[in-house]
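The block underneath contains the structure these notes are about, expressed in structure tokens.
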There are 2 protein chains.
Amino acid sequence: MEKIKLGPKAVYPYPMPMALVGATVDKKPNFLAVAWLSRVNMTPPIMAVSLGRKSYTLPAIEKNGVFSICFPGIDLMEEADFCGIYSGLETDKSNLFNIFFGQLEAAPMIKECPLCMECKLVQTIELQTNNLYLGEIVAAYAEERFMTGGKLDISKMNAFVLTMPDNNYWKVGHHMGKAWDMGRHLFG
Amino acid sequence: MEKIKLGPKAVYPYPMPMALVGATVDKKPNFLAVAWLSRVNMTPPIMAVSLGRKSYTLPAIEKNGVFSICFPGIDLMEEADFCGIYSGLETDKSNLFNIFFGQLEAAPMIKECPLCMECKLVQTIELQTNNLYLGEIVAAYAEERFMTGGKLDISKMNAFVLTMPDNNYWKVGHHMGKAWDMGRHLFG
């Protein structure tokens with residue numbers, strides 16, 4: 001079938017993780033929804049998060065030099081969505097979640113989330129409309145109820161993904177195969 | 001429940017997109033599996049992909065100044081996994097897929113993939129064990145069979161996600177809600 005060329009300016013749909021990036025802004029915990037993020041270095045462990053240049057949280061991350069990344073389960077989908085709709089500039093999000101702290105004073109984390117990371121800012125890359133923040137993971141936090149055999153269990157985490165520009169949330173569905181394994185036999 | 005502190009060196013499970021990054025290496029198309037990638041800038045559209053420093057494809061991307069990102073559907077999961085297991089150094093992957101090219105000569109793309117992007121390298125960020133390549137999307141390509149009403153349809157794309165370190169592939173599952181909408185009523 002013929003390939004259709006799409007414009008370079010659109011947002012293209014593929015499944016993205018949905019996370020809440022936390023920072024202390026004006027002495028209060030604030031969270032914004034971020035789907036443009038990825039692990040970017042193996043050792044030390046570094047995550048990259050891309051924030052629009054006008055984000056309310058942006059100056060605080062730069063000033064504090066720390067931020068958090070929490071991954072919500074489906075039970076927190078509405079709250080996570082709320083954090084993506086309303087800016088901290090107009091909405092106090094400090095009471096949306098139960099907060100805890102790890103080693104970094106200004107990196108508030110969300111008790112209800114199955115996985116939280118506290119990150120130390122190690123590099124800022126200024127792009128045209130976004131800033132890319134590279135944060136080294138200082139520690140991560142989970143709970144027994146999200147684990148199986150001492151390890152985080154994606155099914156118990158009740159994870160979901162986001163696609164844009166259709167703007168939909170999707171449950172992480174059926175298990176389809178083992179990675180770094182199921183393709184081993186091909187052309188072997 | 002008590003938070004359990006996890007070490008900073010582990011890989012933590014959350015759903016990641018799985019893509020095939022393509023480049024022309026020694027005059028042949030080569031593809032490697034990459035889950036550490038994200039959109040990082042809105043305008044112009046820029047994607048970031050993180051590759052281990054020892055990746056076979058790495059010098060070619062730097063030399064050519066271009067690369068591609070293709071998102072496979074579930075029907076290509078084994079081939080995608082194969083590309084993640086075997087290095088181009090030892091395995092010729094040039095016949096795994098049907099190849100097409102867009103505007104960039106050294107950015108081979110995969111006909112079978114529902115979504116392909118050709119990218120021009122705009123920035124390289126050298127980290128400790130990985131290089132982060134920022135590529136501006138020059139154009140993206142799809143096919144009618146993956147679209148509904150002229151737009152890419154994630155269900156027809158048959159998308160899947162990867163989790164590590166458990167190393168599993170998961171289907172993108174049930175629709176759970178509308179993004180930038182379902183949280184609107186909270187505390188409104």
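For the residue pair A:ARG145 and A:LYS63, what label-to-label distance in nm results when each label sits 7 Å from Cα along the Cα-to-beta-carbon direction?
Taking the two extended label points, one gets 3.5 nm.
Do the sum for chain A: with -39,500 (n - 2.57) for every DSSP H run of n ≥ 4, divided by all residues, what is the mean residue ellipticity at 222 nm, to the nearest 500 deg cm²/dmol? Walk me through the numbers before you get to the answer.
Working: 3 runs with 20 residues, N = 188.
Dividing the helical sum by the residues of chain A leaves -2500 deg cm²/dmol.
Report the Cα centroid-to-centroid distance between the stretch B:48-91 and the stretch A:154-188 in angstrom, as an integer.
Distance between centres, Cα-based: 19 Å.
By its C-alpha gyration tensor, with a ≥ b ≥ c as the square roots of the eigenvalues, how is the stretch A:100-166 shaped: rounded for a/c under 1.5, else prolate for a/b larger than b/c, else oblate?
Values: a/c = 2.57, a/b = 1.34, b/c = 1.91.
It comes out oblate by the Cα gyration axes.
Answer rounded, prolate or oblate for the stretch B:16-171, using the Cα gyration tensor with square roots of eigenvalues a ≥ b ≥ c: rounded when a/c is under 1.5, else prolate when a/b is larger than b/c, else oblate. Please report the intermediate quantities before stating the final value.
Details: a/c = 1.32, a/b = 1.19, b/c = 1.11.
Cα axes put the stretch B:16-171 in the rounded bin.
Treat each spin label as a single point 7 Å out from the Cα along the C-beta direction, and report the B:ALA10 to A:LYS5 distance in nm.
It works out to 4.8 nm between the two label points.
With charges only on Cβ, +1 for K and R and -1 for D and E, what is the dipole size of the protein assembly as shown about its Cα centre, in debye, rounded to 20? Write down the numbers at each step before the final one.
Numbers: 36 positive and 38 negative charges, 55 e Å.
So the magnitude is around 260 debye.
Measuring nothing but label to label, 7 Å from Cα along Cα→Cβ, what are A:PHE187's distances to the other copies in nm, shortest first?
Spelled out, the distances from A:PHE187's label point are 5.3 nm.
Which pairs break 22 Å Cα to Cα here: A:LYS9/B:LYS93; A:LYS63/A:LYS93; A:LYS151/B:LYS156; A:LYS151/A:LYS178; A:LYS5/B:LYS93? Provide the component values of the computation, followed by the final result.
Working: A:LYS9/B:LYS93 31 Å; A:LYS63/A:LYS93 20 Å; A:LYS151/B:LYS156 33 Å; A:LYS151/A:LYS178 17 Å; A:LYS5/B:LYS93 25 Å.
As for pairs spanning more than 22 Å Cα to Cα, those are A:LYS9/B:LYS93; A:LYS151/B:LYS156; A:LYS5/B:LYS93.
I'd like the mean, over residues of B:65-73, of how many other protein chain beta carbons sit within 10 Å of each residue's own Cβ.
The mean count of partner-chain Cβ atoms within 10 Å per residue comes to 1.
Counting other Cβ atoms within 10 Å, keep those with at most 11, restrict to DSSP loop, and tell me which trypsin sites (Lys or Arg not before Pro) in the stretch B:32-106 are left. Spell out each step's value before the answer.
Working: sites: B:ARG39, B:ARG53, B:LYS54, B:LYS63, B:LYS93; in loops: B:ARG53, B:LYS54, B:LYS93.
Passing sites in the stretch B:32-106 are B:LYS54.
Can you name the chain A residue with its Cβ nearest the rotation axis from A to B, and give the distance in Å as a whole number?
Chain A residue with minimal Cβ-axis distance: A:GLY173, 1.
Which residue fluctuates the most in chain A, going by a Gaussian network model with Cα springs under 10 Å, if the choices are A:GLU90, A:GLU79, A:GLU118?
Ranking A:GLU90, A:GLU79, A:GLU118 by mean-square fluctuation puts A:GLU90 first.
Quick one: with label points 7 Å out along Cα→Cβ, list the inter-copy distances for B:ASP166 in nm, shortest first?
2.4
State the cysteines of chain B left without a partner when partners are defined as other cysteines whose beta carbon lies under 4.7 Å away.
B:CYS83, B:CYS119, each lacking another Cys Cβ under 4.7 Å.
Between B:PHE100 and A:ARG53, what is the spin-label point distance in nm, taking each point 7 Å from the Cα along the Cα→C-beta axis?
3.5 nm
Provide B:ASP92, A:ASP153, B:ASP75 in ascending order of the number of other Cβ atoms located within 10 Å of each residue's Cβ, fewest first.
Values: B:ASP92 13, A:ASP153 17, B:ASP75 10.
Going from sparsest to densest Cβ surroundings: B:ASP75, B:ASP92, A:ASP153.
We did not get these values from a lab; they are worked out from the coordinates using the rules stated. Treat the numbers as computed from the prediction; the structure is a model and nothing was measured. All Cβ positions, glycine included, derive from the backbone under ideal geometry; neighbour counts span all protein chains shown.
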